[in-house]
Amino acid sequence: AKRRLVDDLLRGENHQILNRSSGGRPEACLHPVWREKVIKWYFSIVSALDRQHHSPDGPFNRSSVHVTTALLDSYLLALPSELALRYKHDRAAYQLLATTCLLIGMRLTQHDQQRKSQVPSENENSDGNDRPTCQLKRAKTHRDHMDQADHQDVDAGAENGSPSHGRPHASCSSTTMVVIPTAATILQMSAAPKTISESKILTMVREVTGSRAFPRSHVITALDYIRVLTSSTQEENSDFKLTQEVAEEAYRLADISLTDVSLIGCRPSVVASAAITLALFRSHHGSR
(Lines give C-alpha, C1' and ligand atoms only; values in the text may rest on other atoms or scores of the structure.)
Protein backbone atom coordinates (compact mmCIF):
# COMPACT_ATOMS: atom_id res chain seq x y z
CA ALA A 1 0.00 0.00 0.00
CA LYS A 2 2.83 2.37 0.86
CA ARG A 3 4.62 1.68 -2.41
CA ARG A 4 1.43 2.36 -4.36
CA LEU A 5 1.01 5.71 -2.61
CA VAL A 6 4.61 6.65 -3.40
CA ASP A 7 4.08 5.66 -7.04
CA ASP A 8 1.01 7.90 -7.14
CA LEU A 9 3.03 10.79 -5.74
CA LEU A 10 5.79 10.22 -8.28
CA ARG A 11 3.29 10.33 -11.13
CA GLY A 12 1.86 13.56 -9.80
CA GLU A 13 5.36 14.94 -9.36
CA ASN A 14 6.29 14.12 -12.95
CA HIS A 15 3.20 15.96 -14.16
CA GLN A 16 4.12 18.89 -11.94
CA ILE A 17 7.68 19.01 -13.28
CA LEU A 18 6.44 19.30 -16.86
CA ASN A 19 5.05 22.76 -16.10
CA ARG A 20 8.30 23.99 -14.59
CA SER A 21 10.66 26.16 -16.59
CA SER A 22 13.84 24.27 -17.40
CA GLY A 23 15.98 27.16 -18.62
CA GLY A 24 18.53 28.95 -16.51
CA ARG A 25 19.28 28.79 -12.81
CA PRO A 26 16.65 29.69 -10.18
CA GLU A 27 19.12 32.11 -8.58
CA ALA A 28 19.14 34.17 -11.78
CA CYS A 29 15.51 35.27 -11.41
CA LEU A 30 14.97 35.04 -7.64
CA HIS A 31 16.06 37.24 -4.77
CA PRO A 32 17.38 34.77 -2.16
CA VAL A 33 17.17 37.20 0.77
CA TRP A 34 13.63 38.36 0.01
CA ARG A 35 12.54 34.78 -0.55
CA GLU A 36 13.96 33.60 2.77
CA LYS A 37 12.27 36.45 4.64
CA VAL A 38 8.96 35.75 2.92
CA ILE A 39 9.04 32.05 3.82
CA LYS A 40 9.73 32.89 7.47
CA TRP A 41 6.83 35.34 7.27
CA TYR A 42 4.62 32.57 5.87
CA PHE A 43 5.38 30.39 8.88
CA SER A 44 4.65 33.23 11.30
CA ILE A 45 1.31 34.11 9.67
CA VAL A 46 0.19 30.48 9.52
CA SER A 47 1.20 29.93 13.14
CA ALA A 48 -0.76 33.01 14.21
CA LEU A 49 -3.85 31.80 12.35
CA ASP A 50 -3.48 28.33 13.87
CA ARG A 51 -3.40 29.81 17.37
CA GLN A 52 -6.40 31.97 16.56
CA HIS A 53 -8.60 29.19 15.19
CA HIS A 54 -7.37 26.22 17.28
CA SER A 55 -7.97 23.85 14.38
CA PRO A 56 -5.35 21.05 14.32
CA ASP A 57 -6.84 19.60 11.13
CA GLY A 58 -7.26 22.97 9.44
CA PRO A 59 -5.24 24.56 6.65
CA PHE A 60 -3.07 26.64 8.97
CA ASN A 61 -0.05 24.37 9.18
CA ARG A 62 3.29 23.69 7.51
CA SER A 63 1.53 22.14 4.53
CA SER A 64 0.14 25.55 3.60
CA VAL A 65 3.63 27.04 3.70
CA HIS A 66 5.09 24.33 1.48
CA VAL A 67 2.25 24.65 -1.04
CA THR A 68 2.50 28.44 -0.99
CA THR A 69 6.26 28.36 -1.54
CA ALA A 70 5.80 25.93 -4.45
CA LEU A 71 3.29 28.33 -6.01
CA LEU A 72 5.63 31.29 -5.58
CA ASP A 73 8.63 29.52 -7.08
CA SER A 74 6.79 27.85 -9.95
CA TYR A 75 5.12 31.10 -10.98
CA LEU A 76 8.42 32.98 -11.10
CA LEU A 77 10.31 30.19 -12.85
CA ALA A 78 7.63 29.93 -15.53
CA LEU A 79 7.87 33.64 -16.40
CA PRO A 80 10.05 34.88 -19.24
CA SER A 81 13.37 36.00 -17.80
CA GLU A 82 12.75 39.70 -18.47
CA LEU A 83 9.46 39.58 -16.54
CA ALA A 84 10.89 37.45 -13.72
CA LEU A 85 13.64 40.02 -13.14
CA ARG A 86 11.00 42.53 -12.11
CA TYR A 87 10.31 40.46 -9.01
CA LYS A 88 14.01 40.38 -8.24
CA HIS A 89 14.39 44.16 -8.25
CA ASP A 90 10.92 45.49 -7.36
CA ARG A 91 10.34 44.84 -3.66
CA ALA A 92 6.71 45.99 -3.70
CA ALA A 93 5.90 43.70 -6.64
CA TYR A 94 7.51 40.76 -4.86
CA GLN A 95 5.57 41.47 -1.65
CA LEU A 96 2.34 41.59 -3.63
CA LEU A 97 3.08 38.28 -5.32
CA ALA A 98 4.13 36.63 -2.05
CA THR A 99 0.95 37.77 -0.28
CA THR A 100 -1.18 36.56 -3.16
CA CYS A 101 0.47 33.14 -3.14
CA LEU A 102 -0.18 32.77 0.58
CA LEU A 103 -3.88 33.44 0.09
CA ILE A 104 -4.07 30.89 -2.74
CA GLY A 105 -1.85 28.37 -0.95
CA MET A 106 -4.12 28.23 2.09
CA ARG A 107 -7.14 27.77 -0.15
CA LEU A 108 -5.50 24.91 -2.03
CA THR A 109 -4.45 23.24 1.22
CA GLN A 110 -7.96 23.51 2.59
CA HIS A 111 -9.42 22.09 -0.62
CA ASP A 112 -7.06 19.13 -0.50
CA GLN A 113 -7.84 18.42 3.15
CA GLN A 114 -11.56 18.63 2.42
CA ARG A 115 -11.19 16.21 -0.47
CA LYS A 116 -9.29 13.70 1.65
CA SER A 117 -11.79 13.87 4.52
CA GLN A 118 -14.81 13.37 2.26
CA VAL A 119 -13.65 10.78 -0.24
CA PRO A 120 -10.97 8.67 1.52
CA SER A 121 -11.80 5.50 -0.39
CA GLU A 122 -12.03 6.83 -3.93
CA ASN A 123 -8.27 7.09 -4.36
CA GLU A 124 -8.00 3.41 -3.47
CA ASN A 125 -10.39 2.51 -6.29
CA SER A 126 -8.84 4.84 -8.83
CA ASP A 127 -6.67 3.95 -11.80
CA GLY A 128 -3.53 4.68 -9.80
CA ASN A 129 -3.27 8.38 -10.57
CA ASP A 130 -3.25 10.66 -7.58
CA ARG A 131 -5.69 13.13 -9.07
CA PRO A 132 -8.25 14.95 -6.93
CA THR A 133 -11.76 13.62 -7.39
CA CYS A 134 -13.12 17.16 -7.36
CA GLN A 135 -10.42 19.20 -8.98
CA LEU A 136 -10.65 22.94 -8.72
CA LYS A 137 -11.34 24.43 -12.12
CA ARG A 138 -8.43 26.68 -12.94
CA ALA A 139 -10.24 28.90 -15.40
CA LYS A 140 -13.31 29.40 -13.23
CA THR A 141 -13.00 28.66 -9.52
CA HIS A 142 -9.38 29.70 -9.13
CA ARG A 143 -9.41 32.78 -11.30
CA ASP A 144 -12.79 34.20 -10.36
CA HIS A 145 -13.65 32.94 -6.89
CA MET A 146 -10.39 32.37 -5.04
CA ASP A 147 -11.07 35.24 -2.64
CA GLN A 148 -14.84 35.62 -2.78
CA ALA A 149 -15.63 35.17 0.92
CA ASP A 150 -18.29 37.43 2.37
CA HIS A 151 -16.30 40.31 3.80
CA GLN A 152 -19.06 41.28 6.22
CA ASP A 153 -19.32 37.81 7.77
CA VAL A 154 -15.68 36.78 7.89
CA ASP A 155 -15.31 37.33 11.63
CA ALA A 156 -18.55 35.55 12.44
CA GLY A 157 -17.66 32.67 10.19
CA ALA A 158 -14.26 32.33 11.77
CA GLU A 159 -15.83 32.03 15.20
CA ASN A 160 -18.19 29.19 14.38
CA GLY A 161 -15.86 27.46 11.94
CA SER A 162 -18.34 27.47 9.07
CA PRO A 163 -17.68 28.89 5.62
CA SER A 164 -19.53 32.01 4.60
CA HIS A 165 -22.49 31.32 2.33
CA GLY A 166 -21.17 33.27 -0.64
CA ARG A 167 -17.94 31.41 -1.13
CA PRO A 168 -17.74 28.35 -3.36
CA HIS A 169 -15.77 25.27 -2.34
CA ALA A 170 -14.96 23.85 -5.74
CA SER A 171 -17.38 21.07 -6.65
CA CYS A 172 -17.16 19.13 -3.39
CA SER A 173 -19.98 18.96 -0.88
CA SER A 174 -19.47 21.35 2.00
CA THR A 175 -18.29 20.44 5.49
CA THR A 176 -17.71 22.45 8.62
CA MET A 177 -14.41 24.16 7.96
CA VAL A 178 -12.32 27.06 9.11
CA VAL A 179 -12.76 30.19 7.04
CA ILE A 180 -9.67 31.16 5.09
CA PRO A 181 -8.80 34.82 5.69
CA THR A 182 -9.63 37.25 2.92
CA ALA A 183 -7.03 39.42 1.25
CA ALA A 184 -8.00 42.30 3.52
CA THR A 185 -7.44 40.19 6.64
CA ILE A 186 -4.02 39.04 5.47
CA LEU A 187 -3.03 42.64 4.79
CA GLN A 188 -4.10 43.68 8.29
CA MET A 189 -2.23 40.83 9.95
CA SER A 190 0.97 41.47 8.02
CA ALA A 191 1.01 45.26 8.38
CA ALA A 192 1.52 45.40 4.62
CA PRO A 193 2.67 48.64 3.00
CA LYS A 194 0.00 50.92 1.57
CA THR A 195 1.18 50.11 -1.94
CA ILE A 196 -0.41 46.66 -1.53
CA SER A 197 -4.20 46.85 -1.68
CA GLU A 198 -6.92 44.22 -1.68
CA SER A 199 -7.84 45.05 -5.27
CA LYS A 200 -4.23 44.56 -6.36
CA ILE A 201 -4.15 41.17 -4.67
CA LEU A 202 -7.35 40.07 -6.40
CA THR A 203 -5.90 41.14 -9.72
CA MET A 204 -2.72 39.22 -8.94
CA VAL A 205 -4.80 36.15 -8.04
CA ARG A 206 -6.07 36.06 -11.60
CA GLU A 207 -2.56 36.37 -12.98
CA VAL A 208 -1.15 33.59 -10.81
CA THR A 209 -4.05 31.18 -11.34
CA GLY A 210 -3.94 31.90 -15.06
CA SER A 211 -0.28 30.98 -15.33
CA ARG A 212 0.66 27.79 -17.14
CA ALA A 213 2.58 26.81 -14.00
CA PHE A 214 -0.53 26.93 -11.81
CA PRO A 215 -1.37 23.39 -10.60
CA ARG A 216 -4.52 21.72 -11.85
CA SER A 217 -4.37 19.06 -9.16
CA HIS A 218 -2.78 18.41 -5.78
CA VAL A 219 0.54 20.23 -5.29
CA ILE A 220 3.16 17.59 -4.50
CA THR A 221 5.64 18.65 -1.81
CA ALA A 222 8.32 16.90 0.23
CA LEU A 223 5.82 16.65 3.09
CA ASP A 224 3.65 14.27 1.08
CA TYR A 225 6.48 11.78 0.76
CA ILE A 226 7.51 12.12 4.40
CA ARG A 227 3.92 11.64 5.48
CA VAL A 228 3.58 8.43 3.45
CA LEU A 229 7.00 7.01 4.30
CA THR A 230 6.63 7.66 8.02
CA SER A 231 3.10 6.31 8.26
CA SER A 232 2.35 2.75 9.34
CA THR A 233 -0.61 0.46 8.78
CA GLN A 234 -1.65 -2.69 10.58
CA GLU A 235 -1.50 -4.87 7.50
CA GLU A 236 1.88 -3.57 6.46
CA ASN A 237 4.98 -5.62 7.23
CA SER A 238 7.89 -3.42 6.25
CA ASP A 239 11.42 -3.08 7.45
CA PHE A 240 11.16 0.67 6.88
CA LYS A 241 9.58 2.02 10.05
CA LEU A 242 10.43 5.35 11.61
CA THR A 243 9.90 6.56 15.13
CA GLN A 244 7.84 9.67 15.80
CA GLU A 245 11.00 11.53 16.74
CA VAL A 246 12.63 10.71 13.39
CA ALA A 247 9.47 11.74 11.54
CA GLU A 248 9.33 15.09 13.32
CA GLU A 249 13.00 15.71 12.55
CA ALA A 250 12.37 14.93 8.87
CA TYR A 251 9.50 17.42 8.81
CA ARG A 252 11.69 20.03 10.47
CA LEU A 253 14.46 19.51 7.93
CA ALA A 254 11.95 19.80 5.09
CA ASP A 255 10.82 23.13 6.54
CA ILE A 256 14.40 24.36 6.67
CA SER A 257 15.02 23.25 3.09
CA LEU A 258 12.39 25.70 1.83
CA THR A 259 14.67 28.67 2.46
CA ASP A 260 17.58 27.18 0.47
CA VAL A 261 17.29 28.64 -3.02
CA SER A 262 19.72 26.06 -4.40
CA LEU A 263 17.13 23.33 -3.71
CA ILE A 264 14.38 24.90 -5.80
CA GLY A 265 15.22 22.73 -8.79
CA CYS A 266 15.18 19.54 -6.74
CA ARG A 267 12.25 17.18 -6.93
CA PRO A 268 10.12 16.97 -3.76
CA SER A 269 10.88 13.24 -3.62
CA VAL A 270 14.62 13.96 -3.51
CA VAL A 271 14.24 16.57 -0.77
CA ALA A 272 12.06 14.20 1.26
CA SER A 273 14.52 11.33 0.87
CA ALA A 274 17.39 13.55 1.99
CA ALA A 275 15.42 14.82 4.99
CA ILE A 276 14.51 11.29 6.11
CA THR A 277 18.06 10.01 5.57
CA LEU A 278 19.55 12.85 7.60
CA ALA A 279 16.92 12.42 10.30
CA LEU A 280 17.77 8.71 10.56
CA PHE A 281 21.49 9.48 10.68
CA ARG A 282 21.01 11.99 13.48
CA SER A 283 18.84 9.60 15.47
CA HIS A 284 21.65 7.01 15.43
CA HIS A 285 24.68 9.27 15.69
CA GLY A 286 23.42 12.36 17.45
CA SER A 287 22.47 15.76 16.07
CA ARG A 288 26.02 16.70 15.15
Report summary line: Counting only residues that are part of a helix (DSSP H, G or I) and either in contact (Cβ under 8 Å) with a residue 60 or more places away in the chain or under 17 Å from the mean Cα position of the chain (by Cα) (or both), the range 44-100 contains a total of 34
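Looking only at the range 102-112, which residues are more than 13 Å from residue 45 (Cα to Cα) and either among the acidic types (Asp, Glu) or in contact (Cβ under 8 Å) with a residue 60 or more places away in the chain (or both)?
Looking only at the range 102-112, we keep the residues that are more than 13 Å from residue 45 (Cα to Cα), and these are 104, 107-112.
Correct list: 104, 107, 108, 110, 111, 112.
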Query - Looking only at the range 256-287, and only at residues there that are within 17 Å of the chain's Cα centre (by Cα), assigned to a helix (DSSP H, G or I) and of a type outside the set (A, V, I, L, M, F, W, C), the one that is farthest from residue 229 (Cα to Cα) - result: 257
Query raised in the report: Would it be correct to say that residue 239 is at pLDDT below 90, at negative phi and out of contact with any strand residue (DSSP E or B) (no Cβ under 9 Å at 6 or more places or on another chain)?
Result: yes
Query raised in the report: Just to be sure, is residue 254 at pLDDT 90 or above and either open to solvent by less than 70 Å² (accessible area, probe 1.4 Å) or over 22 Å from residue 104 (Cβ atoms) (or both)?
Result: yes
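The values are calculated or read from the model by the stated rules, or taken from the named source; none is laboratory data. What you see is a predicted model; the values in this text were computed from it and never measured. A quick note on method: Cβ atoms are made from the backbone with ideal geometry, for glycine too, and the neighbour counts reach across all protein chains shown. Heads up: the accessible areas ignore ligands, DNA and RNA and are worked out on the full protein's heavy atoms, side chains in. Shrake-Rupley method; radii C 1.70, N 1.55, O 1.52, S 1.80 Å.
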